[in-house]
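Data block below; observations after.
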Amino acid sequence: QVQLQGSGPRLVKPSQTLSLTCTVSGASISSGDYYWSWIRQPPGKGLEWIGYIYYSGSTSYNPSLQSRFTISVDTSKNQFSLTLSSVTAADTAVYFCAGWYSSSRGYFDLWGRGTLVTVSS
Amino acid sequence: DIQMTQSPSSLSASVGDRVTITCRASQSITNYLNWYQQKPGKAPKLLIYAASTLQSGVPSRFSGSGSGTDFTLTISSLQPEDFATYYCQQSYRTPHTFGQGTKLEIK
């Protein structure tokens with residue numbers, strides 16, 4: 001059974017950089033079946049796709065967001081990561097790591113539990 | 001970006017009711033449409049992909065239909081565990097976008 005486990009700080013100060021990591025277990029991140037994704041959800045609000053990375057390092061980001069996000073992959077550790085620079089209170093959200101299965105029209109069928117990140121001084 | 005609009009935003013229903021949630025895309029997405037269920041404090045769970053294909057393990061009381069711009073999620077007979085928030089999501093083009101959600105509450 002494939003599992004995703006997110007990790008990272010729960011509290012970040014404004015203007016600092018947020019770094020989150022997602023560890024994939026039960027499958028190889030290099031299998032090629034999935035695009036490894038980050039999705040966020042502000043408290044009480046809907047879901048927003050941030051972007052994803054393929055095991056090769058190819059990325060796609062949501063252009064509606066400022067270009068403060070960077071997604072990277074470490075195949076040797078079976079992990080992928082999200083970095084967000086210059087955070088503000090508007091970045092307070094639950095951050096989910098997810099796997100987007102690219103066949104059958106594409107869908108998110110793997111999800112981590114989510115990490116609530118609060119931006120506050 | 002492709003905008004996804006769900007209706008209604010909230011819905012009250014009783015156990016055993018038949019419920020339909022609608023999702024409209026701002027342009028044609030053929031059948032690149034997925035439905036998710038989210039319960040408080042949990043990650044979303046995939047219910048239906050490609051507009052009408054039931055994900056493995058999901059009860060058959062859930063069904064999806066539609067193509068182009070208009071889609072529906074139907075729950076044929078509500079069970080207590082179905083009270084949650086439902087989201088549609090398009091995979092036709094990046095950025096992948098979600099509807100604003102439909103909160104299904106107990107009447």
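The values are calculated or read from the model by the stated rules, or taken from the named source; none is laboratory data. Only a predicted model underlies this, so the values are computations on that prediction, with no experimental measurement involved. A quick note on method: Cβ atoms are made from the backbone with ideal geometry, for glycine too, and the neighbour counts reach across all protein chains shown.
Checking each residue in the range A:61-82 for being without any contact (Cβ under 8 Å) to a residue 24 or more places away in the chain and within 14 Å of chain B (Cβ to nearest Cβ) picks out A:Tyr61, A:Asn62, A:Pro63, A:Ser64, A:Leu65, A:Gln66, A:Ser67. Restricted to the range B:98-107, and to residues there that are assigned to a strand (DSSP E or B) and more than 23 Å from A:Ser67 (Cβ to Cβ), the residue that is farthest from the other protein chains (Cβ to nearest Cβ) is B:Ile106. The condition (being facing chain A (nearest Cβ under 9 Å) and in contact (Cβ under 8 Å) with a residue 40 or more places away in the chain) is satisfied by just one residue among B:Pro8, B:Pro95: B:Pro95.
A single member of A:Tyr95, A:Tyr101, A:Tyr107 is under 16 Å from B:Arg93 (Cβ atoms), within 14 Å of chain B (Cβ to nearest Cβ), crowded, with 17+ Cβ neighbours inside 10 Å and not acidic (Asp, Glu), and it is A:Tyr107. Of (1) under 24 Å from A:Ala93 (Cβ atoms); (2) loosely packed, with under 14 Cβ neighbours inside 10 Å; (3) not hydroxyl-bearing (Ser, Thr, Tyr), B:Gln27 satisfies all except one. Which? Result: B:Gln27 passes all but (1). Restricting to the range B:1-38, give me the number of residues that are of a type in the set (A, V, I, L, M, F, W, C) and closer than 22 Å to B:Gln55 by Cα. Residues in the range B:1-38 being of a type in the set (A, V, I, L, M, F, W, C) and closer than 22 Å to B:Gln55 by Cα: 8 in total. Would you confirm whether any residue within the range A:22-45 is surrounded by fewer than 20 Cβ atoms within 10 Å (Cβ to Cβ), modelled with pLDDT of 95 or more and β-branched (Val, Ile, Thr)? Yes.
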